[in-house]
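Written below as structure tokens is the structure these notes are about.
The values are calculated or read from the model by the stated rules, or taken from the named source; none is laboratory data. Here the structure is a predicted model, which is why all the values come from computation and not from measurement. Counting neighbours? That spans all protein chains shown, and the Cβs are built from the backbone with ideal geometry, glycine included. Keep in mind that these areas ignore ligands, DNA and RNA; they rest on the heavy atoms of the full protein, side chains included. Shrake-Rupley method; radii C 1.70, N 1.55, O 1.52, S 1.80 Å.
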Amino acid sequence: MRHVLNLGYNDLPADLKTCMLYFGIFPEDTEISKDDLVKRWIAEGIVTEVHGYDPEEIAESYFCELINRNIIQVSDFDDCGHILSCRVHDLMLEFIILKSIKENFLTVINGLHRRRGSLAVRRLSLQAGNSECNLSLGNIVLTQVRSFNFWGPIQCMPSLSKFQLLRVLHIDACESKVKQDEDGDLSPTCTFFQLRYLRIRGTGCEKMQFFLRKSQHLQTLEIVDSETMHYFQLDVGELPLTLQHLIVPKTVRLTGRIGRLTALRTLRTLRLFVNDVDNMEGLGELADLRELKLYYSSPFRGNTADSLLSCMSKLGVRNLRSLTIIGKSSDEDALTHWSPPPCHLQRLHMVDFRFSIVPNWIVQLHMLRSLEVQVVSLSRHGVEVITGLTSLVHLRLIVANEVPGEGIIVSSTTFMNLKEFSFRYKVPCLTFESGAMPRLERLLIECGDPGAQQDDGGILTGIEHLGSLKVFKVDIYMYGFDWEDFRSYCWQPPEEEEVVKRRRTLEAALKMAISKHPGSPDICIQSIGDFALSDDGVEEMSYAL
């Protein structure tokens, strides 16, 4: 087998050989993010700009070539249908590590086992399993290491002061109870003048901004959420202007004027507050921004809503490809009149950002592959607008109040590429014509009023036409979706017999509909929020069929 693998390796171009050896950095059975891998390759200088082509495009082409040659395996796809992550087979990983050692490309320390070449260490992967692993570094000289990747308890990590020339620093500290002074000292990062990639999880980051002032080549900064992380602020005024990817959880509040980071391509998550007009205006200055995720803790109103529309209008004519807005529901149609529309968008997730009706500009998003949207009223015209999005792979549609009298009819030859459809309304009033959604694999339904009237045969009519269906799931919210309504039910719940009767009626109709399907999809029908009062208060019970 090793001989066969070696023949395949020798047949690779030099650039692909380097990319292949890089997979030896990751622990066995790791699910490796494609986007993260691309950022690493660029940071290490493995992939550079060639003949005017963007380095990210070149890196993605290398990734796809390794997939096509069966060197790595696809692990998962994202909501847009693109490859999200990959894995390396155990035999292939062993071959890669052996080849890396021979060529002095990589040093791997896994527990108490050390595998390294005979020359100075250039890339170090420390996969710690116990507190003694730090001792296994022994006489390894770390001053020339360009890439340090650590997995394990933070107390096993060597002091960062031993490194001098790092370009890539990855710290994935598992959850462990350590003293404050052992919680990963990041201060030496202020001396890493060549640092281009920094990803941290599970260690203190509160003072990190003061250590990054001199990292004038930093391209990627990612802070991964963990149970030990506390809420803190990160001043973007202290971050280098070279930053292209800024990825933080919503527990990290970015302060300062975000617009100064003009090289940004990825920004998530930017937490916004009431009257946060400065950051809104700053977003509009990010001409290269491709991915944006916003989190807001209160509805947009007045000047804040106007500023949001203004900055989105600027981003829409540039390179924005992914937009996600989450947070508390907004009562205003702040983006109803988005003009010009973001024609390059491939992902638009705004379920917490309610529209009165489906905005007309959505029909112009011909490249859109993933859409999550909430509307108060869905008209026939709104249905036509959404079904006109021929590239959709993922759709989540929430309707708050009203749909057409005949329900939602999914016509034949519509949604030809859709693989996942999630629909939320008080009743599952969907009709599927023959030929509709030929590639649909997952159908997820949320019903909010099982007592609502429905014409006979009007529940999921034509579901048997969904020939590719693999998963069918229905969540029945016994007292609706609204929390205030739910609380009122807690004080004055309906008669138990009536609750059980209407739940069983709806479940029977759903079972009848799915029984017509010629395949064998996985089926889950469950009731959520079925409450019974007791002496101690309210007890929740759920039912799965």
In debye to the nearest 20, the charge dipole size for region 280-360, taken about the Cα centre with +1 at each Lys and Arg Cβ and -1 at each Asp and Glu Cβ, equals 260 debye
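Ignoring ligands, DNA and RNA, what accessible area per residue does region 185-306 give at 1.4 Å, in Å²? Numbers along the way, then the final one.
Values: 4850 Å² over 122 residues.
Accessible surface, normalised per residue, equals 40 Å².
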Quick calc: nm separation of the 7 Å Cα→Cβ label points for Thr242 and Ser33 -> 2.1 nm
Carbon plus sulfur, as percent of the 1.4 Å-probe accessible area of region 318-454, comes to 46 percent
Applying the gyration tensor rule to the Cα atoms of region 343-437 (axes a ≥ b ≥ c; rounded if a/c under 1.5, else prolate if a/b exceeds b/c, else oblate), the class is oblate
On the formula 1/(1 + (r/R0)^6), with r taken between the Cβ atoms of Ile528 and Gln233 and R0 of 35 Å, the FRET efficiency rounded to 0.05 is 0.45
Given a 1.4 Å probe, the accessible area of region 32-100 per residue, as a whole number of Å², is 45 Å²
